[in-house]
Amino acid sequence: MKDDKARIVLGMSGGVDSSVAALLLKEQGYDVLAVYMKNWEEEDDEGVCTSTEDYEDVRRVSDALGIPYYTVNFAREYRERVFSYFLEEYEAGRTPNPDVLCNCEIKFRAFLDFAMGLEAAALATGHYARLEKQGEGARLLRAVDLTKDQTYFLAGLTQAQLQRAMFPIGGLYKKEVRRLAEAAGLTTARKKDSTGICFIGERNFKRFLMQYLPAQPGDMIDLNGKVIGRHDGLMYYTLGQRRGLGIGGRAEGSGESWFVIGKDMERNLLIVQQGEQEELYSLGLGAEKVSFIAGQPPAASFACTAKFRYRQSDQAVRVTMHGAGCTIDFDRPQRAVTPGQWVVLYDGDVCLGGGPIDETRPLKPIRIAGRAQ
RNA sequence: UGGGGUGUCGCCAAGCGGUAAGGCACGGGACUUUGACUCCCGCAUCCGUAGGUUCGACUCCUGCCACCCCAG
């Protein structure tokens with residue numbers, strides 16, 4: 001009779017979310033196989049390999065639930081398909097979002113293939129997102145707990161991938177997830193949420209990147225072309241960034257903070273500005289490759305809402321398709337929209353898809369006094 | 001070395017006899033499966049230095065030092 005149960009492969013990270021996903025699947029009578037992915041081989045800043053602890057938790061939770069657990073290693077795939085892109089983007093002066101790609105390439109490709117190889121009916125994860133599987137296809141919906149919604153990271157998935165996905169905790173609030181874990185006596189019930197790049201973890205960003213990309217220090221200049229300070233390498237900064245510039249207390253200044261408003265890759269200059277000025281905002285953006293979960297855009301031109309970074313509130317926009325890409329016009333100017341980051345589109349609670357931002361249409365173009373363009 | 005001015009946290013800057021504002025930077029934390037933004041907390045027992053006056057001085061006086069400006 002065990003054979004009657006549908007087999008589900010669950011990606012377990014050792015956190016509460018996937019622990020509760022396991023609990024729910026088990027309660028629903030599935031034949032659950034917990035699989036821990038180890039996709040990064042290095043120790044963290046403190047020289048600690050947290051994956052050991054995480055795997056311990058996977059073991060404890062699995063044992064408590066009476067489900068088998070395994071481990072797989074996609075470190076090579078991760079490096080080849082996600083990390084290399086991550087580095088290339090930084091080298092080009094952009095600010096990539098490796099975790100969106102990680103879902104497309106690792107969790108729902110390499111790992112999904114692995115799960116299918118085990119004859120699983122579906123691949124489940126502890127993402128906060130909901131799926132609506134209808135006859136025509138699967139729709140990706142925001143999580144019930146909007147403060148934890150992770151559809152932003154799943155926006156690049158295809159129908160084929162979502163058809164085989166399951167997000168058991170998408171209908172729960174984080175509080176409920178912890179309560180369920182607590183009630184079931186799972187050791188991860190009070191474990192702190194993990195942050196940082198997926199599989200790599202929380203790092204001192206500058207030190208981490210330094211290990212992979214050569215640093216080229218240069219000048220920081222303001223809109224007058226005046227040298228305000230030195231930067232450690234353009235890739236260490238992102239648009240709209242304030243901390244880490246080390247600029248403070250200029251006699252002629254306004255006393256406000258300084259922000260990164262641009263990069264001149266040619267001259268290796270970081271362009272900074274004091275205060276929240278118009279140069280920090282944009283009216284629209286262009287994306288060369290946008291993917292839609294439904295397989296195609298809802299129309300050649302349509303209105304919807306969008307997020308330009310994870311955890312940002314939705315903004316009203318209009319999307320106009322141009323082949324595989326699109327241009328997006330914002331109803332209101334948006335702050336620090338950054339190339340490399342993903343723009344993710346929504347129609348109400350439905351995540352339509354998204355793609356990496358390639359360029360922006362500034363509210364006020366950056367013009368450095370005394371320089372051509 | 002004739003005259004004038006200034007020396008307070010890494011930077012900018014309040015204070016003008018009553019026992020060191022604020023901003024920026026920086027550090028820590030919160031938030032967060034990117035990188036940011038944001039928010040919270042911290043951050044000069046000491047005011048160029050040595051004395052003096054005073055119950056009490058960063059604030060008054062004197063010497064010295066440093067820097068700046070104007071002079072020739």
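Just subtract the alpha-carbon distance of residue A:347 and residue A:60 from 0.36 nm times their residue separation and send over the number in nm, one decimal. It would help to have the intermediate numbers written out before the result.
On the way: separation 287, 0.36 × 287 = 103.32 nm, distance 4.02 nm.
99.3 nm is the gain from fully extending residue A:347 to residue A:60.
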Please give the contour-minus-distance gain from residue A:53 to residue A:76: 0.36 nm per residue of separation, less the Cα-Cα distance, rounded to one decimal in nm.
6.1 nm
With every protein chain kept in place and ligands, DNA and RNA left out, what is the accessible area per residue of segment A:65-210? Probe 1.4 Å, answer in Å².
45
Carbon and sulfur atoms account, in whole percent of the 1.4 Å probe accessible area of chain A, for 48
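Let a ≥ b ≥ c be the square roots of the eigenvalues of the Cα gyration tensor of segment A:211-290; is it rounded (a/c under 1.5), or, if not, prolate (a/b larger than b/c) or oblate?
Details: a/c = 1.97, a/b = 1.18, b/c = 1.67.
It comes out oblate by the Cα gyration axes.
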Could you work out the relative contact order of segment A:119-173, using alpha carbon pairs under 8 angstrom and six or more residues apart, expressed as a whole percent?
48
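Can you pull the percent of Cα pairs in chain A with separation above 26 Å? If you can, show how the numbers build up before the last one.
On the way: 38874 of 69378 pairs.
That tail contains 56 percent of the Cα-Cα pairs.
Per the helix-only calculation at 222 nm, which mean residue ellipticity applies to chain A, given -39500 (n - 2.57) for every DSSP H run of n ≥ 4 and division by its residues, nearest 500 deg cm²/dmol? Could the numbers behind the result be given before it?
On the way: 9 runs with 73 residues, N = 373.
Mean residue ellipticity, 222 nm, calculated: -5500 deg cm²/dmol.
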Averaging sequence separations of C-alpha pairs under 8 Å and six or more residues apart, then dividing by the length of chain A, give the relative contact order as a whole percent.
16
If a/c stays under 1.5 just call it rounded; otherwise compare a/b with b/c (prolate if a/b is bigger, oblate if not). Do that for segment A:1-41, with a ≥ b ≥ c from the square roots of the Cα gyration tensor eigenvalues.
oblate
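Identify the GluC sites (Glu not before Pro) of segment A:246-299 meeting these criteria: DSSP loop state and at most 12 other C-beta atoms within 10 Å of the C-beta. Present the calculation step by step, with values, prior to reporting the outcome.
Working: sites: A:252, A:256, A:266, A:276, A:278, A:279, A:288; in loops: A:252, A:256, A:266, A:276, A:288.
Loop-located and lightly packed - A:252, A:256, A:266.
So, R0 is 25 Å and r is the distance between the beta-carbons of residue A:5 and residue A:136; what FRET efficiency does that work out to, to 0.05?
Values: r = 28 Å, r/R0 = 1.11.
With R0 = 25 Å, the Cβ-Cβ based efficiency is 0.35.
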Computed about the Cα centre, the charge dipole of chain A from +1 Lys/Arg and -1 Asp/Glu charges at the Cβ has a magnitude in debye, to the nearest 20, of 520
A chain fully extended from residue A:175 to residue A:296 at 0.36 nm per residue, minus the present Cα-Cα distance, gains in nm 40.0 nm
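Leaving out ligands and nucleic acids, and using a 1.4 Å probe, what accessible area per residue does segment A:219-271 come to in Å²? Display every interim value, and only then the final one.
Details: 2680 Å² over 53 residues.
So segment A:219-271 comes to 50 Å² accessible per residue, rounded to a whole number.
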Give the lysines reachable from residue A:174 as a straight Cα distance under 21 Å; neighbours fewer than 8 places away on the same chain don't count.
A:26, A:148, A:191, A:192
For residue A:289, the lysines lying under 25 Å Cα to Cα, once residues fewer than eight places off in the same chain are dropped, come out as A:107, A:263, A:307
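Rounded to the nearest whole Å², what accessible area per residue is found for segment A:313-373 with the 1.4 Å probe?
Numbers: 2900 Å² over 61 residues.
That works out to 48 Å² per residue.
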R0 = 45 Å: FRET efficiency of residue A:27 with residue A:252, Cβ-based, nearest 0.05?
0.10
Does segment A:24-157 come out rounded, prolate or oblate, given a ≥ b ≥ c as the square roots of the eigenvalues of its C-alpha gyration tensor, rounded meaning a/c under 1.5 and, failing that, prolate meaning a/b above b/c?
oblate
How many angstrom separate the Cα center of segment A:92-146 from the Cα center of segment A:173-238?
22
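The values are calculated or read from the model by the stated rules, or taken from the named source; none is laboratory data. Here the structure is a predicted model, which means the values were calculated and not measured. Glycine gets a Cβ as well: all are built from the backbone with ideal geometry, and neighbour counts include every protein chain shown. Accessible surface areas use protein heavy atoms only, side chains included; no ligands, DNA or RNA. Shrake-Rupley method; radii C 1.70, N 1.55, O 1.52, S 1.80 Å.
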